[in-house]
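Notes follow the structure.
What follows draws every value from the coordinates through simple rules; no lab data is involved. None of these values were measured; they are calculated from a predicted model. Methodologically, a virtual Cβ is constructed for each residue, glycine included, from the backbone with ideal geometry; neighbour enumeration extends over all protein chains shown.
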Amino acid sequence: SARDRAAQALINMGEPHEAFEHAQIAVSLAQRTRNRWQLAGCCAILGFLHYYVGNWDTARRYFGESLEVLPGDPDFLAFRAMPEYQTGEFAQGVPFAEQSIDAIRPSMFTHTPGFKYHAAVNLAIVGRITGELVGSDVLEATINATLSSSTATPEMRLIAGSGLALISEQQSRGTSAQAQYAAMQIAQHTFAAFISGDRVLGLLAHTMGSLDQATGHFEDALAFCRKAGYRPELAWTCCDYADMLRERDADGDRAKATSLLDESLAISSELGMRPLMERVLSRREILGA
């Protein structure tokens with residue numbers, strides 16, 4: 001457990017190399033003790049580390065190993081779906097995502113729906129990749145249950161809050177975005193649940209119409225992701241930042257947006273992130289019009 005938590009903390013701090021050492025030892029210890037829950041979780045951490053740098057096949061393998069240990073778990077099903085959506089293999093990702101939602105749904109009628117918040121947050125990110133938020137009622141109910149729980153830790157609130165923020169942003173709920181923005185200040189300079197906390201704050205500020213505030217958050221997200229080497233997240237941040245600059249359209253914004261889109265396209269092309277590539281190309285056409 002100590003190795004597991006150390007690895008997760010280091011990942012969230014943007015220190016993947018140190019996290020990798022702890023994660024490998026944690027997997028070895030879990031195998032020796034034959035602790036299924038720990039083994040599944042530790043394999044998932046190795047999956048995160050490879051996912052965050054764009055090693056999709058290795059991420060698939062580790063997330064798949066988690067599912068082999070605990071088949072049907074909604075969190076691991078959602079994790080396994082993520083590389084497929086990032087690379088545009090939607091047909092491969094849909095079964096995992098649908099099974100995850102089906103596994104979450106019964107918990108809405110119990111007293112512990114918040115235990116599934118990891119899956120709900122990751123499926124909210126899937127919705128942002130595809131442009132279609134599926135099962136939003138289930139996801140939002142699960143996330144809200146976590147946030148309202150008296151036993152929720154700050155880390156749980158950080159991760160769950162990121163998911164609720166993404167749902168608010170995708171549904172363009174400005175009032176909700178304002179409330180989430182205030183609650184998500186703890187997300188600055190962190191990384192949790194497949195997304196930069198600074199990018200979440202930038203998206204919320206954009207939704208609120210606070211475009212100058214959004215600039216600062218996006219700049220922080222760029223700096224964090226570059227230092228950590230989290231290139232897929234860097235590419236998405238570049239695109240989202242460019243969207244905000246295109247809307248603000250102040251002096252120098254169009255040139256900055258073009259540069260960000262160029263960087264996003266270079267990374268997404270190298271890593272085979274087809275949904276993001278298509279999004280960037282559409283943005284570049286608009287800027288060039």
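For the chain, treating each Cα as an identical point scatterer without solvent, what Debye log10 I(q)/I(0) comes out at q = 0.09, 0.13, 0.14, 0.15 1/Å?
Log-scaled intensity ratios, in q order: -0.40, -0.86, -1.00, -1.16.
Nearest 10 degrees, 0 to 90: what angle lies between the long axis of helix 16-33 and the longest principal axis of the chain (Cα atoms)?
20
Order of 25-36, 2-13 by packing, highest average Cβ count within 10 Å first?
Final packing ranking: 2-13, 25-36.
How would the range 65-110 be classified by its alpha-carbon gyration tensor: rounded, prolate or oblate, with rounded meaning a/c under 1.5 and the a/b versus b/c comparison settling the rest?
oblate
Let me check against my output: what whole-number percent is the relative contact order of the chain, with C-alpha pairs under 8 Å and at least 6 apart?
14
Please determine, in degrees from 0 to 90 and to the nearest 10, the orientation of helix 253-271 with respect to the longest principal axis defined by the Cα atoms of the chain, where the helix direction is its Cα long axis.
40
Viscosity 0.890 mPa s, temperature 25 °C: give me the Stokes-Einstein translational D for the range 15-84 in µm²/s, with Rh taken as the Kirkwood radius over C-alpha pairs.
Stokes-Einstein gives a translational diffusion coefficient of 208 µm²/s.
Using every Cα-Cα pair within the range 60-214, state what percent have a distance larger than 27 Å.
19
Is it possible to state the helix-based mean residue ellipticity at 222 nm for the chain, with each DSSP H run of 4+ residues giving -39500 (n - 2.57), the sum divided by total residues, to the nearest 500 deg cm²/dmol? What is it?
-25000 deg cm²/dmol
So if R0 is 25 Å, what FRET efficiency would Arg32 and Thr151 give, r being the distance between their Cβ atoms, rounded to the nearest 0.05?
0.25
To test your reading of the geometry: what angle, between 0 and 90 degrees and rounded to tens, separates the Cα axis of helix 56-69 from the longest principal axis of the chain?
Compared with the principal axis, the helix lies near 30 degrees.
Given the C-alpha centroids of the range 8-79 and the range 172-225, what is the distance between them in whole angstrom?
The two parts, judged by their Cα centres, are 27 Å apart.
Let me make sure I get this right: for the range 40-133, a, b and c are the square roots of the gyration tensor eigenvalues over alpha carbons, sorted descending. Under 1.5 in a/c it's rounded, otherwise prolate if a/b > b/c, else oblate. Which is it? Spell out each step's value before the answer.
Numbers: a/c = 1.90, a/b = 1.27, b/c = 1.49.
Oblate, since a/c reaches 1.5 and b/c is not below a/b.
What's the Cα-based Rg to Rh of the range 158-235, Rh via Kirkwood? Before the final figure, lay out each step's value.
Values: Rg = 11.3 Å, Rh = 12.0 Å.
Ratio of gyration radius to Kirkwood radius for the range 158-235: 0.94.
So which chymotrypsin sites (Phe, Trp or Tyr not before Pro) in the range 1-98 are both in a DSSP loop and have at most 14 other Cβ atoms within 10 Å of their Cβ?
Here no chymotrypsin sites (Phe, Trp or Tyr not before Pro) fit, given the DSSP loop and packing criteria.
From the residues Ala193, Ala30, Ala221, which one has its Cα farthest along the dipole of the chain in the positive direction, the dipole being from +1 and -1 charges on Cβ of Lys/Arg and Asp/Glu about the Cα centre?
The listed residue farthest towards the positive side: Ala30.
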